[in-house]
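Report on the following structure.
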Amino acid sequence: MPASAPIQVSEDWHLAEEGSKPASLVVQLRREVFALPWFRFVYAQGDNSSVQIAFASHMVTVTGHGLAVLLSAIATERLFRLVQPSENEARFAVRGPNASQYSGPSITAITVEKFE
């Protein structure tokens with residue numbers, strides 16, 4: 001079966017196509033990228049302003065607005081990629097190469113902490 005292209009739900013995250021599950025969640029920070037395998041997923045919790053995604057080895061904390069929709073994507077393990085916007089994109093609510101206003105669900109910050 002050919003690999004399917006990710007679906008862009010927000011400027012800041014992508015989902016795998018309906019019926020397919022990616023092997024890992026890719027968390028793209030400004031200076032670092034993590035690939036966290038879904039088989040190590042433990043739980044997720046959150047609301048519209050903050051979502052925590054716990055893996056066996058790392059805790060991913062996402063802040064922003066309109067994030068409750070992330071929880072259903074996480075529950076079905078369809079979340080393919082999280083992208084941390086640049087500081088200016090987050091501060092001024094703009095996205096893309098033309099820096100146009102963006103009012104949809106968005107991420108302002110992502111932290112990834114390794115469990116000791």
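Tabulated values for the structure
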quantity	calculated
Residue in the range 99-115 that is modelled with pLDDT of 85 or more and hydroxyl-bearing (Ser, Thr, Tyr) present	yes
Restricting the range 40-51 to residues that are in a strand (DSSP E or B) and of a type in the set (Gly, Ala, Ser), the residue that is surrounded by the fewest Cβ atoms within 10 Å (Cβ to Cβ)	50
Some residue of the range 75-82 being among the basic types (Lys, Arg), within 17 Å of residue 33 (Cβ to Cβ) and either at pLDDT 90 or above or not in a helix (DSSP H, G or I) (or both)	yes
When residues of the range 52-71 are limited to those that are at pLDDT 95 or above and part of a loop (DSSP other than H, G, I, E, B), the one surrounded by the most Cβ atoms within 10 Å (Cβ to Cβ)	57
Residues of the range 50-79 satisfying the condition of being in contact with a Lys or Arg (Cβ under 8 Å, 6 or more places away or on another chain) and on the phi > 0 side of the Ramachandran plot	77
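The values are calculated or read from the model by the stated rules, or taken from the named source; none is laboratory data. Everything numeric in this text was worked out from a predicted model, so none of it was measured. In this analysis, Cβ positions are derived from the backbone assuming ideal geometry, glycine residues included, and neighbour counts consider all displayed protein chains.
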